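Undergrad: What follows is a structure written as structure tokens; I'll ask about it next.
The values are calculated or read from the model by the stated rules, or taken from the named source; none is laboratory data. Being a predicted model, the structure only gives us computed values, none of them experimental. Here the Cβ positions follow ideal geometry from the backbone for every residue, glycine too, while neighbour counts run over all protein chains shown. Ligands, DNA and RNA are excluded from the accessible area calculation, which covers all protein heavy atoms including side chains. Shrake-Rupley method; radii C 1.70, N 1.55, O 1.52, S 1.80 Å.
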Amino acid sequence: MKKLFISAVALVALLLGSNTQTNAQERLPEYLQAEKFTQAKLNTMLFSTGIDPHWFQKGNNFWYTYKTNEGVFWYVVTPSAGKQELLFDREEMASQLSQIVQDPFIAENLPIRELKAKEDGKTFTFEVKASTDSTFHFSYDYTTKELIHVKDKEKELKRLSWGSVSPDKKYVVYAKDLNLYKMSYEDYQKARKDEKDTTIVEIQLTTDGVEHFGYGMPHNRLNTDSLLDGKKRSAYGLWSPDSKHFVTILTDNRAVKDLWVINVMSKPRPTLESYKYQMPGEKESPVEHLILFDMENNTKKEIDTYAFKDQTLEFQRRTPLKKERDMEFRPSIWVGDNNTFYINRSSRDLYRIDICAYTIGQDTLVPIIKERMNTYQETRGLKVINNGTELIQWSERDGWAHLYLYDNQGNLKNRITKGAWHVEDIVSVDEKARVVYFKANGMNENENPYYEHLYRINLDGKGLKQITQGDYFHDTEVDDDARFIVDNYSRVNTIPRTSLLDKNGKEVMLLQEADFSQLFAAGYKFPEPFVVKAADGVTDLYGVMYKPFNFDSTALYPIIDYVYPGPQVEATTYPFTRMSPRTDRLAQAGFIVITVGQRGGHPSRSKWYHNFGYGNMRDYPLADHKYAIEQLANRHSFIDIDRVGIHGHSGGGFMSTAAMCQYPDFFKAAVSCAGNHDNNIYNRWWSETHHGVKEKVVKGDTTFVYKISTNPQIAANLKGHLLLVHGDIDNNVHPGNTMRVVDALIRAGKRFDMLILPQQRHGFGNMNEYFYWRMVDFFSEHLKGQSEKSVNIPRR
């Protein structure tokens, strides 16, 4: 007979007639186990798990940092020679810095920041902040190992965030008082020394900017923030490669209605925060304008873009070159040539997406590729190659995401990829060899379809080759010349490693393996991947099971499902991921915790899979999760099918409450955080995209109809234990979503729990650790009949 997973302390309490009170002098072992892995402790157990390469501005060399239990190391890699070496001797560097800064430093804890490689490939610059708050600047020669204290630099130019520097470093564009300005690069350098320099010449390019329809307006700006204060701000836009033109999308938000939250912690009085927020189906939409500026003549022109009511515009953006990363300025350049750029134009329902071209001198956009489906569509970046004469486009038109080759007039030349698998994105194009490198998944029959690999294929669709090998998720970066690849690879149940590969996938060298020594010493054990069937009995679903590290196979555990409905992502992760309070940390409190996908979830499978929940956003994932838990309980005798919990955040908060009300006899307890329980008051973009909106045209008048099932409609079905959690100034998912469920529960006479986190937005900020322990208390009390909730133990 299986034994219930319950502590001796709780058993004594039960015999005394109480199932919730715990002796103040005793601790529950599950809580002690969970306290071994608080976030503060985890931060000292595991450090680097991958490499983020900084490629030199010339050649194929790169540098990177890597932290282990011996501190941070700085490395330089020479791929052509298969060589990796330390950038400097850490002890010698600590000694020299201590003498110059006059603060004591040690090799294991060097305070180096803002490290950059200069163009010559041998000189590095960095900063050190002293205990006096002074900043010291240094130059280090990698070849001679000479360290120089650059005293003059400390009086040098400051960093300014508002300037958009042209590719030729002739102009700088910025916004001020809701209008667009420019200055010369020379004057911008003066401003970096002193922004009040009276010799700086500012050229005003526009005079028509107004509140909510002006230049330099930040996303999700609070209406209380004045932009008519004379301050310079960044202006969103793209440059032509020759720096003669600057183009921007100017959004008119004046008709969009306001939404509010109240910051009760403001001093001395609570304050009302007001912001623009369009809800699904509302007719008051933003209107986007495409404005082109001639930088030589200081003139502007509005381009006619109209095709669909309430359309949206999105630039095709050039991917910065890897070698530009350490440059002081990285200009934002449009995709195209000096005279032509590309932009996406989408209908409100996303059934129609046009990839358009604009050529200097024209009055309107010209659609060159038209995508049409009876559901919403996704897009990826367009690659323009061969001096602007060819385009590589990503599309899901045949039910899978693939690549297509066009000429610049929109004529299809050929498909590049084809098959029942998913192309995630283009990584690089070797134009000379006419080879495209791309990330894809689902191609290998006996492998988890979410594991991403790097592939290459000729532009004519021949010569497909897998570059990365091994049954792992591969996070890759290819250098600008497509000669070498940095491959970070792992699974949820392996130690992450990083290798350097050549362009054919041959390993040049193993660069690093993560240091798990302290995590293992604390008792860490990897989670376990699993596969189950969806409720249709056909579709495979992929998940991960998290167990307590002191797991007892003879015990009987409650199971908690951590959920997110997507459809832009699922709750399940596939490469190694650090411990999370939602999964493996929660498991340490004495639970089996799982994540698993569902039809309608992750976009990296077929369009059918991704689109399964379209039009049924509330209910579509629930049957798959219930069936997945039932299958796992049948496989594993340690899972108690009568003690099932569910938990989620945002869309997962919405989903977990829906599960409690749609399957009230199956799910016994839920913690639902920041849930969009009533998508009628969530933002238009997520809700209309993933649930759908119907465009209706009556007598030439176009309207949009949105209808969705909500959690307040089914709140009366609740039988189990529900904890609703929300930040009181959440300006993403408005707290009104939770309050509407609360109202329905109260009117239905239902008991429930609620936690409001003051001065917290959507992510709970610095109250996440407090939330974690409240979640542990709630599930412990309602799935195990015991908690430390009553003894008010300080949380460390």
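Undergrad: Starting from the Cα of Lys301, draw a straight line to each of the lysines and keep only those under 19 Å, dropping any in the same chain fewer than 8 residues away.
TA: Lys182, Lys244
Undergrad: Let me ask something else. Hey, rough spin-label estimate for Glu119 and Thr65, points 7 angstrom out along Cα→Cβ, what's it come to in nanometres?
TA: The modelled label-to-label distance comes out at 2.6 nm.
Undergrad: Let me ask something else about it. Per residue of the chain, what 222 nm ellipticity follows from adding -39500 (n - 2.57) for every DSSP H run with n ≥ 4, rounded to the nearest 500? Working shown, then result.
TA: Working: 13 runs with 116 residues, N = 796.
Calculated mean residue ellipticity at 222 nm is -4000 deg cm²/dmol.
Undergrad: Report the gain in length on full extension from Glu302 to Ser139: 0.36 nm times residue separation, minus Cα-Cα distance, nm rounded to one decimal.
TA: That works out to 54.0 nm of additional length.
Undergrad: Based on Cβ point charges of +1 for Lys and Arg and -1 for Asp and Glu, what charge dipole magnitude is obtained for segment 597-705 about its Cα centre, in debye rounded to the nearest 20? Don't jump to the answer; show the numbers that get you there.
TA: Working: 12 positive and 10 negative charges, 63 e Å.
It comes to approximately 300 debye.
Undergrad: To continue, here is another question. Counting only DSSP beta bridges with both residues in the chain, what percent are antiparallel, rounded to the nearest 5?
TA: 85 percent
Undergrad: Mind putting a number on the dipole of segment 356-408 about its Cα centre? Charges go on the C-beta only, +1 for Lys and Arg and -1 for Asp and Glu, and I need it in Debye to the nearest 20.
TA: Taking the Cα centre of segment 356-408 as origin, the dipole is about 60 debye.
Undergrad: May I ask you to give the percent of accessible area on the chain that is carbon plus sulfur, with a probe radius of 1.4 Å?
TA: Carbon plus sulfur share of accessible area: 48 percent.
Undergrad: Among Asn683, His647, Ala658, flag the residue with its Cα farthest along the positive direction of the charge dipole of segment 626-722, charges on Cβ as +1 for Lys/Arg and -1 for Asp/Glu.
TA: Asn683
Undergrad: Put +1 on the Cβ of every Lys and Arg and -1 on every Asp and Glu Cβ in segment 136-188; which of Tyr185, Thr143, Leu160 then has its Cα farthest towards the positive end of the dipole?
TA: Of the listed residues, the answer is Leu160.
Undergrad: Further question on the same structure: Hey, with R₀ at 22 Å, roughly what FRET efficiency would Asn411 and Ala433 work out to, going by the Cβ-Cβ distance, to 0.05?
TA: Efficiency for this residue pair is about 0.40.
Undergrad: Mean separation of Cα pairs under 8 Å and 6+ residues apart, divided by the residue count of the chain: what relative contact order is that in percent? Before the final figure, lay out the partial values.
TA: On the way: 1789 pairs, mean separation 80.2, N = 796.
RCO, the chain: 10 percent.
Undergrad: Need one number: nm distance between label points at Ser274 and Asp642, each 7 Å from Cα along Cα→Cβ, rounded to one decimal.
TA: Going from the Ser274 label point to the Asp642 one covers 5.7 nm.
Undergrad: I would also like to ask the following. Which residues in segment 366-410 have a backbone N closer than 15 Å to a point placed 7 Å from the Cα of Asp337 along the Cα-to-Cβ line?
TA: Hits in segment 366-410 for Asp337 at 15 Å: 384-391, 407-410.
Undergrad: Separate question: Using 0.36 nm per residue, how much length does the chain from Asn504 to Asn550 gain when fully extended, once their Cα-Cα distance is taken away?
TA: Value of the extension gain: 12.2 nm.
Undergrad: While we're here: List residues of segment 689-720, by number, whose backbone nitrogen lies under 18 Å from a label position 7 Å along Cα→C-beta of Asn732.
TA: 689-691
Undergrad: Among the lysines, which fall within straight-line cross-link reach of Lys276, defined as a Cα-Cα distance under 17 Å, with same-chain neighbours fewer than 8 residues apart omitted?
TA: Cα-Cα hits under 17 Å: Lys257.
Undergrad: Any idea of the accessible area per residue across the chain, 1.4 Å probe, to the nearest Å²?
TA: So the chain comes to 43 Å² accessible per residue, rounded to a whole number.
Undergrad: Give the aspartates and glutamates whose C-alpha is closer than 20 Å to that of Lys784, dropping any in the same chain fewer than 8 places away, or say none.
TA: Hits, sequence-local ones excluded: Glu26, Glu30, Glu35, Asp552, Asp561, Asp584, Glu630, Asp640, Asp642, Asp665, Asp753.
Undergrad: Let me spell out the model: positive unit charges on the Cβ of Lys and Arg, negative unit charges on the Cβ of Asp and Glu, origin at the Cα centre of the chain. What dipole size does that give, in debye rounded to 20?
TA: So the dipole magnitude of the chain works out to roughly 1260 debye.
Undergrad: Oh, and also: Between the alpha-carbon centers of segment 410-425 and segment 720-785, tell me the distance in whole angstrom.
TA: Between the Cα centres of segment 410-425 and segment 720-785 lies a distance of 45 Å.
Undergrad: A further question on this structure: Measure off 7 Å from each Cα along the Cα-to-Cβ vector at Glu695 and Lys41, then give the distance between these two points in nanometres to one decimal.
TA: Rounded to a tenth, the inter-label distance reads 5.6 nm.
Undergrad: Between Gln568 and Gln466, what length in nm is gained on full extension when 0.36 nm per residue of separation is reduced by their alpha carbon distance?
TA: Fully extending the segment from Gln568 to Gln466 adds 34.1 nm.
Undergrad: Indicate, rounded to the nearest 5 percent, the antiparallel portion of the DSSP beta bridges found entirely in segment 644-794.
TA: Counting only bridges with both partners in segment 644-794, antiparallel ones make up about 25 percent.
Undergrad: Can you tell me the Rg and the Dmax, both Å, for the Cα atoms in segment 364-475?
TA: For segment 364-475, the Cα radius of gyration and maximum Cα-Cα distance read 14.4, 50 Å.
Undergrad: May I ask you to derive the FRET efficiency for Thr207 and Thr359 from their Cβ-Cβ distance with R0 = 35 Å, giving the value to the nearest 0.05?
TA: Calculated value: 0.80.
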